[in-house]
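Here is the structure we will look at.
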Amino acid sequence: RALLVRGCLLSMRAETAAAEADLLLARDLARDAGLPLLQAAAWAEWGRLKGYSPEEGQTEALERAREVFAAAGDSLRVGRILCMLATRDSVQGQFQRARARNEEALMMVKRSGDRLSELTAVGNLAIAYKELSMGVLELATLNEGVRLARELGARRSEASLLLNLGVYHQSQGRLSQAEGLYRDSLACARQVGFLEVEVIGLANLGDVLK
């Protein structure tokens, strides 16, 4: 348990190599001691630490953790792991699988009352709907994401979702709506120093106004 905690702290400080060593050792010790939930927690944190790289075994680690937490009835951790797996799927262009996982994750985290994870699942789901050309669902999900982000005061998420909502309306030829959304997104992005969204928003706004 102490190794798992230290691994998480090292991960937060971006000391990746040391964190990985602690997490893998915690996983092995938990396995040998017959502590499946602790082992699953180490698997899940290691999968999160590695991000979305194609490293062999990473998806397997997250899947193993998901199975253990599901068996224990821990819907919150199952939902969070599904969000991570779905994001990996999106990065790899597996949007149908990403959609299915995000929809399941959304049900899980809603059941657990974890609204920040709910916001993550909603944002990821909107991306999957976009890539699958499911415009009606994309629009509804983006609007739900903006509403949720505002309720939670999650300004970075709000900026991203407003930007994506502007892209949607621009693609439908509704340029005045897109302009307003881009301006709102820029205001949010500037408030929290979200440079990436600000740059994209400025470029998109210029495209609408030209």
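Placing a pseudo-label 7 Å from each Cα along the Cα-to-Cβ vector at R174 and S133 gives an inter-label distance of 2.1 nm.
With all protein chains present, how much of the accessible area of region 136-194 (probe radius 1.4 Å) comes from carbon and sulfur, to the nearest whole percent? Walk me through the intermediate numbers first.
Details: 1400 of 2800 Å².
Accessible surface attributable to carbon and sulfur in region 136-194 totals 50 percent.
The calculated FRET efficiency for E63 paired with A17, based on their beta-carbon distance and R0 = 25 Å, is about 0.55.
May I ask you to list the residues of region 151-188 whose amide nitrogen lies under 17 Å from a point 7 Å from Cα along the Cα→beta-carbon direction of L202? 160, 163, 182-188, by backbone N distance to the label point. Shape analysis of region 63-109 places it in the prolate category; the axes a ≥ b ≥ c from the Cα gyration tensor give an a/c of at least 1.5, with a/b above b/c.
Taking every protein chain into account, the accessible area of region 73-210 amounts to 49 square angstrom per residue (probe 1.4 Å). If I take every Cα pair under 8 Å that is 6 or more residues apart in region 147-210, average their sequence separation and divide by the length, what percent do I get for the relative contact order? After rounding, I find 33 percent. With all pairs of different C-alpha atoms in the average, the Kirkwood value for the hydrodynamic radius of region 106-166 is 11.4 Å. Note on L76 and V91: their simple-model spin labels are 2.5 nm apart, each label 7 Å out from Cα toward Cβ.
The values are calculated or read from the model by the stated rules, or taken from the named source; none is laboratory data. Values in this document were obtained by computation on a predicted structure and should not be read as measured data. Glycine gets a Cβ as well: all are built from the backbone with ideal geometry, and neighbour counts include every protein chain shown. Side chains included, ligands, DNA and RNA excluded: accessible areas come from the protein's heavy atoms. Shrake-Rupley method; radii C 1.70, N 1.55, O 1.52, S 1.80 Å.
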